[in-house]
Structure formats: structure tokens, C-alpha cells
1. At 4 °C and a viscosity of 1.567 mPa s, what translational diffusion coefficient does Stokes-Einstein give for chain B, taking Rh as the Kirkwood radius over Cα pairs? Give it in µm²/s as a whole number.
2. Compute the angle between helix C:213-224 and the longest alpha-carbon principal axis of chain C, please, reported from 0 to 90 degrees and rounded to the nearest 10.
3. Provide a whole-number value for the mean count of partner chain Cβ atoms within 10 Å of the Cβ atoms in peptide B:22-31.
4. Shielding of B:170-176 by partners, i.e. mean partner chain Cβ atoms within 10 Å per residue?
5. What fraction of the DSSP beta bridges in the stretch B:151-313 is antiparallel, stated in percent and rounded to the nearest 5?
6. About its Cα centre, what dipole magnitude does the stretch A:151-313 give when the only charges are +1 on Lys and Arg Cβ and -1 on Asp and Glu Cβ, stated in debye to the nearest 20?
7. Relative contact order of the stretch B:151-313, please, whole-number percent, based on alpha carbon pairs below 8 angstrom and at least 6 residues apart.
8. State the Kirkwood hydrodynamic radius of the stretch C:151-313 in Å, one decimal place, computed from all pairs of distinct Cα atoms.
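The values are calculated or read from the model by the stated rules, or taken from the named source; none is laboratory data. Source: prediction; values computed, not measured. Positions of Cβ are generated from backbone atoms using ideal geometry, with glycine treated the same way; all protein chains shown enter the neighbour counts. With ligands, DNA and RNA removed, areas are computed over all heavy atoms of the protein, side chains included. Shrake-Rupley method; radii C 1.70, N 1.55, O 1.52, S 1.80 Å.
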Protein chains: 4
Amino acid sequence: MITAAVAGASGYAGAEIVRLLLAHPDIEVGALTASGNAGTRFGDLAPHLQPVADTVLQPTSAETLVGHDVVFLALPHGHSAAIAEALPPEVTIIDCGADFRLDDEQDWTHYYDTPFAGTWPYGLPELVRAGGDKHRTDLVGARRIAVPGCYPTAISLALAPGLAAGVIEPEDIVVVAASGSSGAGRSTKPHLIGAEVMGAMSPYGVGGGHRHTPEIERNFTRAAGRPASVSFTPTLAPMPRGILATTTARAADGVDAAAVRAAWERAYSDEPFVHLLPEGRWPHTGSVLGSNLVHVQVTLDERSGRVVAVAAEDNLTKGTAGAAVQSMNLALGLPETTGLPMTGVAP
Amino acid sequence: MITAAVAGASGYAGAEIVRLLLAHPDIEVGALTASGNAGTRFGDLAPHLQPVADTVLQPTSAETLVGHDVVFLALPHGHSAAIAEALPPEVTIIDCGADFRLDDEQDWTHYYDTPFAGTWPYGLPELVRAGGDKHRTDLVGARRIAVPGCYPTAISLALAPGLAAGVIEPEDIVVVAASGSSGAGRSTKPHLIGAEVMGAMSPYGVGGGHRHTPEIERNFTRAAGRPASVSFTPTLAPMPRGILATTTARAADGVDAAAVRAAWERAYSDEPFVHLLPEGRWPHTGSVLGSNLVHVQVTLDERSGRVVAVAAEDNLTKGTAGAAVQSMNLALGLPETTGLPMTGVAP
Amino acid sequence: MITAAVAGASGYAGAEIVRLLLAHPDIEVGALTASGNAGTRFGDLAPHLQPVADTVLQPTSAETLVGHDVVFLALPHGHSAAIAEALPPEVTIIDCGADFRLDDEQDWTHYYDTPFAGTWPYGLPELVRAGGDKHRTDLVGARRIAVPGCYPTAISLALAPGLAAGVIEPEDIVVVAASGSSGAGRSTKPHLIGAEVMGAMSPYGVGGGHRHTPEIERNFTRAAGRPASVSFTPTLAPMPRGILATTTARAADGVDAAAVRAAWERAYSDEPFVHLLPEGRWPHTGSVLGSNLVHVQVTLDERSGRVVAVAAEDNLTKGTAGAAVQSMNLALGLPETTGLPMTGVAP
Amino acid sequence: MITAAVAGASGYAGAEIVRLLLAHPDIEVGALTASGNAGTRFGDLAPHLQPVADTVLQPTSAETLVGHDVVFLALPHGHSAAIAEALPPEVTIIDCGADFRLDDEQDWTHYYDTPFAGTWPYGLPELVRAGGDKHRTDLVGARRIAVPGCYPTAISLALAPGLAAGVIEPEDIVVVAASGSSGAGRSTKPHLIGAEVMGAMSPYGVGGGHRHTPEIERNFTRAAGRPASVSFTPTLAPMPRGILATTTARAADGVDAAAVRAAWERAYSDEPFVHLLPEGRWPHTGSVLGSNLVHVQVTLDERSGRVVAVAAEDNLTKGTAGAAVQSMNLALGLPETTGLPMTGVAP
């Protein structure tokens, strides 16, 4: 049995990792750690995880995490590097934070305003790069993996096939995405309380201000093989979970609807978790709730000359914890789908 | 006292008109009509409108509508022309349907596939045209007015100031908007039942398929004074009311943030219902619930070279019934704000 | 013009009072005060109240409140007495807190654990007392009024007619009520954030622990003219506003359905804000959203021998701010319904 | 491998059975059938069930169902008997409809107004009977099982321990329960569309009118060993899934809080799916979403002399499909928890 610890288990991302690990046939859940919640019975914070309700949260530190085969980090940004350095190199570390996602130090310091920690293999196996290679190849056997942000997962998977195939232009991509409020974590800010969130929508980080912007642009640049530019507007939607990403890019000259569809089919026909819906069907976040799936659809709008691709994911599952477990599977040489939910909880 | 009839009062738009008229100091509510629901006690369909709960719905026809000073039509498209022709020319008719909104017959037949009925003055007083003139001028004293679609209202108001001022380009505008499910009317389609809608988001009419697309493009073309093109993706959000429209357009060469803000301030500083929020504040649909207000904010994204403007409205109030009553006020020479809710019901 | 100040305007109750006063033809809104939010532009906290968005919140104190004809207090419990004592006796003070609601000092100290402040006339005009008299009589010309709790309003109005008429027993009343999350105020507790609240229900204060319990029992005792006992379970529902109160009591011996209905009809046939629905129609919180109405329905369950009465209200309007303004109207000799919303915002 | 067919797979209950069976290690999903939707690709109706998306629904009939080891029936009431009679006796039939739940013919005809089909073993293993025996004993090896209604599951499990232990009285039980709208099935009635359901609560079937009432009373009577009477009020809550049942009964003479807690602990300490929460913690429907768990809490309200017990379940999982699979496990001699989700999907 492989043992795994989860640092930051009291947050939404950490608890979701625990949920998935409890259903994983090859993993034994070990230490669960937290900072402010250390010493608390886990069931008081995560009553949905009955099997480990009586586990007491330990403080997050290299001491409590060492001794496990796998360590998942679900910490605020800036906290992962010190922990990672203190753990032996043979431990598989899966970081759900932002610390090792970017490869441009300038982007990091502009958006995060802390020292740049470096770059780890990017835990989005299905994401295609220019030339057709996917990020999966970087993950097999890796001991350090950076899990993508929840928005970049849906957004990158939505549009990358067209960039890699050259059927859309990487300049002037426009993305508007809606996220359920768990995307903000267990934060008790005034604008996130139920009475404010329910029944209403609002944007935030408009104008390139959201920290996931450079990660999205980097992914598109990798897919296109030349610089991409993105206008990204995230919005807060009145639902607990789910991201719906609407992405558009200018169609390349002379591209028709068949060429567009072919590009997406080529990218995803063999992928277990990324599903291009039948023509005419559009993604619905409810259909992927609690699952590791991404539903994608694409069309060519002849009127405007833009390709529109839409992706739906569960921000906590495929958007975070599912990607983490999927990356772990690849890292450890397990079948990639092991233990991961293939069906959504709907309606 | 001015008397007003509402045709189609059993639908959401019609009932909202009744709600507003009940609070209007100069209007006496007369006949309420319906098709399938004729003969029903209104309170059984609209228990929130206590003061007219015991009114019995009459069948929709010129006979039941004639004799009122004002007639509001909230009917499925294709039904307004016959009614309008049968009513005397001095009756003020406010049509909340699509029938008289477009001025391009080809657009009409492409999107609606029925005979073109014509074009009436467009009931969006605050919408600017190239040159700076607003649609308000067409409405004063008019006897036939076409109320805009709910999406075009939010979307056009969001971006038109920049087009009229020349600070953004009319080509390659991208719009993604989220609407509460009342936007689909009182329809009992399987994908609109509560269990499907709650907790989830999905797009529809993607790729230029939504019937509001040509209306939006026409409004942008009028604002810019030259042809606009739009990629429009509507999405269904888990809330009863509200539209959040995220609109983006390429900034014109050499435009800076101050020029952008100045264009929007110029357009809306004197408008009672369209409010440009203070810098740094973004629209929230909950803040305009039940009101006739549109909240707008705009920014220049230097990274992508796009201007992003966001508008929030209540699709049933300012998006439909409020615009209808506001248009009526202008038509009748009443103060424009008479009887219209200036505050939202929040949280 | 009558001037009114609102203390605690940054909370949900306070802001709702401001919303109603802005629509009141006889009131001029004066000072808006807050404690922690003093100095803040009101529009940053309450963007739905555009007309006073630029008002700056003053600190809550007798100094900032004095000089107005009416002062509304929307403060945490324990804060009203000192303010009230420092204001002249001719000022009409409407307290939305709990401080002056109870008349049993022991109940107060048991549930609130602070010194007992006294008892003011109870601002629930429609609430019947044994003998048929209503609380309205206490409010005409009063200068100090205690606005009821949001739960007690719906619950007491639901069942009091049967108690006063003797058709139900006051012992062993059982009440289960669901409230939207604005009932908890603008509190940022972890269990109130959107991700926790949406899509889920939970009870709280079970077993008589909720502070509204003694107020409910007192109201029922007053209605019955002999001691009532109540099992009260409040639950948190995934909606921003609204209370649905399901109340049941044992039918008195020999009572039939006609006698039950007659009791409720007698109590409410002349009330402008409390509406007994037609037989077969049941209350829906959405129908009273934003209005000052309470919808009530009642039935006799022959199988169990219990009468079941259900009431729906908007917890912030009739449940708090609407009752405050209604009480003010009575206190000042204005028509009771002046300025109060008679229609809900639905759907 | 054991093969299983699902009749009525296009409804919410049927689709949920499919979801659970896809995760069951011993079951192979066979025919999926429907009536009106026969011939449809399953993925068009249940896009969340990717692994069987391309299965085409067959018509529901003995011919399409025969040949499987297990047949699940998720049909409107009145349809199960004919199918069951046409299938061989050795086939394990699990009926999720009401047809075989009741044992009193008079109750059946009063509430369902169709011929009485008979009584099958009741698929609620954890439900205690007077004397302490549980229904589990009826299910081991059974070939015909009637799955309980969604409300009776939560409600009966909430209160039965106290009845069996004699710490509460079976007369004058009062139950108010809230259900998510999937409890109404995939019905497109006007009051179930999203705009009506979201943001609002309402009761229905008040006064003993709900068809689950006799089933609840029967269960309580079995638990108490003497006639129980129940006032049951169901309410519709703005959430897709989940039931929160608040149940109260008069405490027996001389009972104290310790005796109450002991009764519930005794009943559930060894149950894998029914979890009595630690003292002070109350059930939250979100915590059991998608799981087969029921969370229960109980307290003695000294003030009113009533015991209040609250249960939360997912109406589609433990409330229907989970109970069906759990019953199947018992019928086939598999470990009772096989393939059933032990964790909720939260937040």
C-alpha cells in the first residue's frame, strides 16, 4: 500500500484530495495537516468524509509529512518550497498551489509579489503542445508536480487543440469563465457569504488582474508554438462548484467547420477524462460535478469569424484534486484513471 | 388617470409590467389578457401581485385591449403586428416582443423565419448613436415603441459609449453573457426545471445562433457609425433573474485608460438609470434586482489590448418591463423616471 | 417632511430600512450610521441603494442621531438602551433589535445573558391577542416601539388566529421554520459562506436554543390567554431572503375545518399586509420577496388531529424593516400602508 | 459477473441507480429501458454518465429486462406488478416505486387510487422494529424488495430508535421535511421550473395529503409496537438534491437526555450508513450529497417536553438508488456496503 499525506486538508482543495484518496484502491491515507486548524477533529471541518472523521489534524510541517510515499500540498502560495526542500527527493510531491506552475519569473513576481520558487512538471496530462506532444510525458515518474490552477485547466483544454492544429490564431484570444464559489476557498470575505453569492453574478480581476492569466497565456503559447495573448474575465457564479469556460479565438484563414472539429477530435478521442461532446450538445457544469471529467464542445461562428470552445469541469475535482491524483497515478506508474470518478453527480 | 392594458400578463414579462404599473402614480391597470390562461384568476399565476389577484385574465385580442390609452404587448414573436393594426393609431403601443426591433429584413427572416413586420422606435433611451445622439429622441411622443431584448439592453449599454467615442474598434467584439432562468420565460422545457438549472451553468445558442445577435450588432453599428461584428455567447446561470454581460473590444490605437473612462462618463453621467460605478467597483446582478438600473464598469486591459466593459441588469425589469414603462413615460410626456424602482432588492 | 436616521445602516436590516424609506413619500433620509464601517461611502456597502450611494456613514452615537424626528436602531442586542436614553422622549425610536421585545426578565437573561432593558410596545400590528384585540392599538402614537424578530413575525401570525379563537390548543405547538441566510446578518462565519450554504439545508438552535423561542411562546400565550408551549426548530435554507414557517397545533375538541378557516378569515380579512390565501393555495416565499406581505394558509389534518398553518414572509422586509416602517406609520399617525411595497418581486 | 438491468433509466432515480452500478465491482450494467425515451441515446439524457453515454434506451418490457440476474424498477406507481409477474422468480427484483411498500390495502387505495399489488420486504435495512430487530433480516436472500420512499427513509431513521426504546411517544409525532427538487422527478410542471424553485420555499401536500404519510406511520407503528400518528408536512427547497427531516415526538415520562442519546447510539453505533453525529453537531444535507449516508442528531427539548431528531440524506442516493443497491447487496449475499459511496461531495 502506498501512503499519502495531505497538507492543508482543512481547505476545500485538501479535503477534496482526501475524498478522492479514500476511494483510491492503492492509497492509504496518512497524516492530514493544517495550520490554524491543527488539533481539530477532521470530521468537524469535513463531515462529508465520515471514514476519517475522527482523525485529528496535525500541524503542517516537514516533520508531520515525512515518512509518506506521496505528499499533497494544498497550501496558500509561497508555502510549498520550504516544505518541498525539507522532504527527501524520492517522495512524490504534488503541489496544488501556484508556486511551481509558471516558468517566467517576471510573470510570477508581477502577479504574486513573492520570490520565484521555480518550475515543476505541469500536471495537466491532456494538454497538447505545439507539435502534438502532450504534457503527460513530463509526468511519468516525476517526483515533483505542479497541479494547474482551476481556471487554466478548463480554459487551456478548451482551446489548445485548435492552437496546436493551427486552425485558430493565438493572438487576441478572449475568455470569460464562471466559477462556483468554492473556487475562492474557505474564505470568509464579506462578498462570499451566502446572502451575497446566491442569486447573483459578478466579475472580478477584470482587465488581466487575475493571477491565472499568465498561466493561461503560457499554456496557449506552448500549444501554439508562438506567443498567445488573452483577455481573461473570471466571474463568480451562484453555485458551490463548477467552472464553465467560454473561450474564443479568431479562426485561421480558410478554416472551415470540419477542420475545426477534426482538430478537437484528434486531441481528445483517446482521452479518458476529456470528452468532446457530440455535435449540438454543449457542456453543463452539473454533468461533471464531483467527477474528473472535462466536457468540451467547439463551433465555428461564420458570422464573426471566431471559433468558440466551451469547457465544463468541477473546479475542485478535475480542476484541482482530481488532477493531483491523476498526476500521482502517472508519477507512480499506476493506470492513469485509477480511483478517479468517471461519472458526475447529477442532477 | 391613464389606463393601460397588458397582453400576455400571465408570462414573466407581462406580470413584471403589471408589477411596475401597480406602483406607477399616473396609471390605472385595466385589462390583463392571456391566451392559454384566459379565464384564470390572475392571483393563481402571479400570487406576488396581491392587488390584482382577483382579476380574471381575458383572452388576448383587439377587442379586449381596445379602449385603453396604453397597450403593452408581451407576446410570443409574430403576434404583435395583427394586434397593433387592429388598434387605433392614437393608442400608445409598447411591444415587448421582437417583432419590430430589427430594421434589416434579411436578419429578421434568417433568425425568426416569419414575415418581417417592420421597425418601430427602439425603446432604449440611453443608447448612444454615432454623433452622440441617443435613442431617447425617437421615443418622445411616439405611439409605437419596440422594447429591446433583455441581452441587447445590457450588452449595448455596456459597450456603446466606447464605440460612439471611437476609443474601441467595432470589429471583432466578443460578448459572453449570463442570464437567470426567467429569461427563458415560463417555459417548461426539461432543461429548465429546477433540478437541472440549480447549481450549474451551460451555454446555448453558441456560434451566433441566438436571436439577439443581429439586434446587438445593429446597435453597435449604430453606435460606431460603421459595421460592427460580434461573437455572442449566452449562458444560463443558476439564478431566477439577472443578466451579467461581459463585453470586450479592441482598444483603438493610442487610447489610454483615461480616455476610456472619459467616454463612459460622458455617456452616462446624466442618466438616471445607467450608473457607471466608481473605479474599482464591478457590477453585481444582485444589486439591481427588481430595479430599473443598469450598473456598468469598464477598464482597459493593457496586456491584451482590449477594453472590457461589464453591465448588470435585471432582465425582467430594465431588461424588459422597466424599459417598457420608461418608454411609455417618454411617449406620454411624463417624467422619464416616474413610477420606476430606483433601488435594488439586495441581498 | 419628517426626517429619519438609521443606526446600523451597514447591516442587512439597516440597509433594508433605508431601501424602504427612500420610497416613502413623507420621509427624508437623514444620518446613516455604523460602528466598524463609519467613514465608509454607503454605496460601497450597499450598491443597490444608488440614491444614497455617496452618503458617508457616521459613527453610531446619540450625537449623530439626535435632531431627527424618527430614529431606527438596527444594532446588535444590548446597544439600544443607552442610545434610547440619550435621545429626547419626543423622538420616535423604532428598535429592530431584541432589547425591548420580551416582557419576562428571566427569559431575557436566560437567552441573552445581559441586563434586561425593559419592554416596549410590540411592532406587530396584526397580531391578535386573547379577546380579539390586536397589537396595533399599542402602536398608535407610541414613541418607543420594539420590532419583532423575523421568525416570531411569520410564526405568530401563522397560528395566533386559531389560538385567539380557541380552535387550537396552546400546549404542544410544534414549529419548524426555514430562513434564508440574510437572517444571519452580514456575518462572515465559516458555515455561512456561499459554498456551504448553497445547495444544502441544516437546522440550528435545535431543542429550544434559538433566542426567538421565548418571544414566540409569549406571543402565543398572549393570543391564547393561557400558557402556550412551543417546540421550535429553525433551519437554514439556500436562499438569500425569505422565511417559511410551518406551524402545527392540536385541534380543540369538536373543531371542524370550517371553524378553522373562519378563525383565520376573521383575523385577516381586513388586513392589508397579511393575506389568507384562497383554499388550496399554499405560501411561497418567492411571492412575497421584497414586499411587506405575509401569505398564510391553514388546514385541519383529520388524520393526525392537528391544524397546520404555514406563513411566508420576507425576513428583511415584513420580518424586520417593513415592520419598522409600518410601526413608524402608526406611531406618526400616517396611513399604515404608506410607502410600503404591496407586491413581491417574482419570480 | 452479475448482470443488472434498469427499467426507467431516463428518470432521476433510474439514472442514479446506473451511476451507482457503474462503480459497483460485481455488477455489469445490462439493458437500460424507458418508455417515452426508448430509442434515445442515454448520453443525451444523462450526460453525467459518460461510460454508458452511447447505450440506446430500450423499451421497458419483460422482454427487454429478462435475462439479467437483477432488475431494478424505477417506474411510475402501478407499473411494477405486471413486469414482476412476467419475470422468473429467481430474478432479483428491486422496486423503487411505491407499489409494494405498504401493507394496508386501505391506505394504498386511499392514497394511490389503483389496485393494491401486495407487500414486499422493505428495503431499509437499518430500520428498527419493536423488540430491536431490524428490517435487514427480511432482505438477506430476498428476490423481491420494495425500496422505501425518499421521505420515509430519512424520517423513519430519524425517530425510530426512540420509539423502539420507548423513550418517546408514538402518538402526535410531528414531522416537517424539506426536499430538493429532484424529489419531484424529471417533471416539467410549471411550479418546478428553475425560476420558480430557486430562491424560494413552499409546502405541498399539507394536512396528511402526501402519499408517503401512511408509509411513515406504518414504519413508526412497527418501531413502537403500537399505533403511531403523524402530522407530516413536506416542503420544496431550492436545491437539486437532499432531504432534511425534522421530526419531533413527546418524550415519555421520566426520560432524560442521557436515555435519549443512549437509544440512538444503540440503534446506530454499528451501522455503516447511518451516522449519529457527535453531540452538538447537526446534519447538513450538503455533507451527504451523492453518498449513501444518513446523518442523524437528536436532542431533548426540556422546555417543550419534545424530543427533536433531525436526519439528512441524499434523496436520490440513500433515499432511492443507494437503498436499492444496498438491498441488492443483501439479497445477493454480497457485503452490504459493496460499491456504495461512503463520502459526500462537499461543499
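1. For the chosen part, D equals 64 µm²/s.
2. 60
3. The mean count of partner-chain Cβ atoms within 10 Å per residue comes to 1.
4. Taking all residues of B:170-176 together, the mean is 6.
5. Working: 24 of 34 bridges.
Antiparallel: roughly 70 percent of the beta bridges in the stretch B:151-313.
6. For this selection, approximately 480 debye.
7. Relative contact order, the stretch B:151-313: 31 percent.
8. After inverting the mean inverse Cα-Cα distance, the result is 16.1 Å.
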